Amino acid sequence: MGKPKVLGLAETERLALDRGFRFGEKHCFRMRCRAVLLKSEGLSSVAIGAQTEMSHVSVNAWVKRFKSEGIE
């Protein structure tokens with residue numbers, strides 16, 4: 001198994017995701033922010049899924065969506 005890909009984030013993106021994780025109104029939005037933040041720290045999608053109770057497929061989908069659409 002290869003090394004997990006690390007998602008590079010700008011400081012403004014990291015801060016926005018951290019605010020979303022800490023203060024987001026909906027639980028699902030907070031978990032999505034957390035998944036992207038954990039991916040930026042180099043965790044595998046499987047490990048992130050175990051922490052957030054998402055499948056690794058969902059983690060990958062949210063990371064891909066964040067890359068294309070941003071935090072909104």
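Every read-out reported here was derived from the displayed coordinates using simple, explicitly stated rules and does not represent laboratory data. Everything numeric here is computed off the predicted structure, so don't read it as measured data. For neighbour counting, all protein chains shown are included, and Cβ atoms are generated from backbone atoms with ideal geometry for every residue, glycine included.
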task: Find out how many positive minus negative residues lie around residue 61, taking Lys and Arg as positive, Asp and Glu as negative, among other residues whose Cβ is under 13 Å from that of residue 61.
output: +4
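Taking the Cβ of residue 12 as the centre, find all other residues whose Cβ is under 14 Å away and add up their charges (Lys, Arg: +1; Asp, Glu: -1). Could the numbers behind the result be given before it?
Values: positive: 14, 19; negative: 11, 13, 18, 72.
Its environment carries a net charge of -2.
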query: Using 7 Å Cα-to-Cβ label points, what is the residue 41/residue 28 separation (nm, one decimal)?
result: 2.5
